[in-house]
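The values are calculated or read from the model by the stated rules, or taken from the named source; none is laboratory data. In this text the structure is predicted, and so the values were computed from the model without any measurement. Because the Cβ atoms are built from the backbone with ideal geometry, glycine has one as well, and the counts that use them run over all protein chains shown. Surface accessibility is based on the protein's heavy atoms, side chains included, excluding ligands, DNA and RNA. Shrake-Rupley method; radii C 1.70, N 1.55, O 1.52, S 1.80 Å.
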Amino acid sequence: MSRADELYRQTCLDILNNGFSDEGQAVRPHWADGTPAHTIKKFGVVNRYDLSEEFPIMTLRRTYWKSAVDELLWIWQKKSNRIADLGSHVWDEWAGEDGTIGKAYGYQLGIKHQYKEGMFDQVDRVIFDLKNNPASRRILTNIYNFEDLHEMNLYPCAYSMTFNVTGNQLNAILNQRSQDMLTANNWNVVQYAVLTHMMAQVAGLEVGELVHVIADCHIYDRHIPAVKAMLDREGYDAPTFTVDKSVTDFYAFTKDSFKLENYKFHPFEFEIPMAI
């Protein structure tokens, strides 16, 4: 069983056995039929993945990792908020009449700010510091911009990345205000593991830990049967992850710059209703 499977199982069992149900409370999310989408949750979940040991992808069911990487590049490389620039349909429900998701995600990363070293957007500032000032304790991004929240079609869920160099290893913390364990957990873990690999490679570093901090970690009421079925399975070993070592420019990576070998996963027979 992969380490990602182990952590997923531990987290879900803790939520199901010890979590808080918001049944009876007024909640924002709802199902397509208008019914309130209630959850069972745990507050303040922290999972640690050692990227130097294995790539953190689940095998209890398939993670469509190429699509996850495509969305990551849409946000971090293209710095786009236009769904036409994205190769999947994961943001379709949040698109406005202008074809964007508002001033959210990639839009925020692409805003340039003045520093004493010059003008940088948040991504380029991280790259600059990793290359020129790796001992800094100030290498981070934050897309939860209160000034623009009213113009975002969805407030950012994964809102901050903090990078820290220890020796020759790049470690990172992903901060997330909210996490849907069935639909999004491993998707996000895979994305930010790939991002950590990318940043490490362009800075001439090795990967270390990815720490995932989740404030509201939850399972939706209509997802519980699917989650329980997954937890009854025995996972497989983690696949082998490789990066094209010839790529040293952050903006030259494509989703084909990454490969997974021997990725075995269990079939998933459930339709997943989406809370909106």
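Annotation: MET119 fulfils all but one of (1) under 23 Å from the mean Cα position of the chain (by Cα); (2) among the hydrophobic types (A, V, I, L, M, F, W, C); (3) farther than 20 Å from THR196 by Cβ; (4) surrounded by fewer than 18 Cβ atoms within 10 Å (Cβ to Cβ); the unmet one is (1). Which one is farthest from ILE214 (Cα to Cα), of the residues in the stretch 140-162 that are out of contact with any helix residue (DSSP H, G or I) (no Cβ under 7 Å at 6 or more places or on another chain) and in a loop (DSSP other than H, G, I, E, B)? That would be TYR144.
Of all residues in the stretch 32-56, those satisfying the criterion of being part of a loop (DSSP other than H, G, I, E, B) and either of a type in the set (Ser, Thr, Tyr) or surrounded by fewer than 16 Cβ atoms within 10 Å (Cβ to Cβ) (or both) are ALA32, ASP33, GLY34, THR35, SER52, GLU53.
Against the test of being open to solvent by 20 Å² or more (accessible area, probe 1.4 Å) and at pLDDT 95 or above, the options ARG3, ARG28 yield a single qualifying residue, ARG3. Can you spot a residue in the stretch 181-196 that is in a strand (DSSP E or B) and open to solvent by 30 Å² or more (accessible area, probe 1.4 Å)? No.
Which is touching a Lys or Arg at 6+ places or on another chain (Cβ under 9 Å), buried (at least 19 other Cβ atoms within 10 Å of the Cβ) and either polar (S, T, N, Q) or more than 26 Å from GLU53 (Cβ to Cβ) (or both), of HIS218, HIS212, HIS223? Criteria check complete, one pass: HIS218. In the condition set (1) farther than 16 Å from TYR8 by Cα; (2) without any contact (Cβ under 8 Å) to a residue 60 or more places away in the chain, SER178 is compliant with all but (1). Condition first: part of a loop (DSSP other than H, G, I, E, B) and among the acidic types (Asp, Glu). Can you find one or more residues in the stretch 125-135 that meet it? Checked against the condition, which is being part of a loop (DSSP other than H, G, I, E, B) and among the acidic types (Asp, Glu), the stretch 125-135 yields no hits at all.
For the stretch 15-25, a residue qualifies if it is at pLDDT 95 or above and either farther than 15 Å from MET230 by Cβ or open to solvent by 80 Å² or more (accessible area, probe 1.4 Å) (or both), and the qualifying residues are ASN17, ASN18, GLY19, PHE20, SER21, ASP22, GLU23, GLN25. Hey, any hits in the stretch 80-101 for a residue that's open to solvent by less than 70 Å² (accessible area, probe 1.4 Å) and in contact with a Pro (Cβ under 9 Å, 6 or more places away or on another chain)? Taking every residue of the stretch 80-101 in turn, none turns out to be open to solvent by less than 70 Å² (accessible area, probe 1.4 Å) and in contact with a Pro (Cβ under 9 Å, 6 or more places away or on another chain). Within the stretch 162-175, the only residue that satisfies the criterion of being within 24 Å of LYS259 (Cβ to Cβ), surrounded by fewer than 23 Cβ atoms within 10 Å (Cβ to Cβ) and without any contact (Cβ under 8 Å) to a residue 40 or more places away in the chain is ASN168.
When the criteria are applied in full, TYR159 fails the requirement of being over 30 Å from ALA238 (Cβ atoms), touching a strand residue (DSSP E or B) at 6+ places or on another chain (Cβ under 8 Å) and hydroxyl-bearing (Ser, Thr, Tyr).
Just one of the listed residues (GLN108, GLN114) is loosely packed, with under 13 Cβ neighbours inside 10 Å and over 20 Å from ALA203 (Cα atoms), and it is GLN114.
Filtering ALA184, ALA200, ALA193 for residues that are out of contact with any Gly (no Cβ under 7 Å at 6 or more places or on another chain), more than 23 Å from TYR251 (Cα to Cα) and modelled with pLDDT of 95 or more leaves a single hit, ALA184. Exactly one condition in (1) open to solvent by 10 Å² or more (accessible area, probe 1.4 Å); (2) over 21 Å from ILE75 (Cβ atoms); (3) assigned to a strand (DSSP E or B) is not met by GLU234; state its number. Looking at each condition in turn, GLU234 falls short on (3).
Among the residues making up the stretch 74-115, those that are touching a Gly at 6+ places or on another chain (Cβ under 8 Å) and either in a strand (DSSP E or B) or farther than 20 Å from PHE128 by Cα (or both) are TRP74, SER80, ASN81, ARG82, ILE83, ALA84, GLY96, GLY102.
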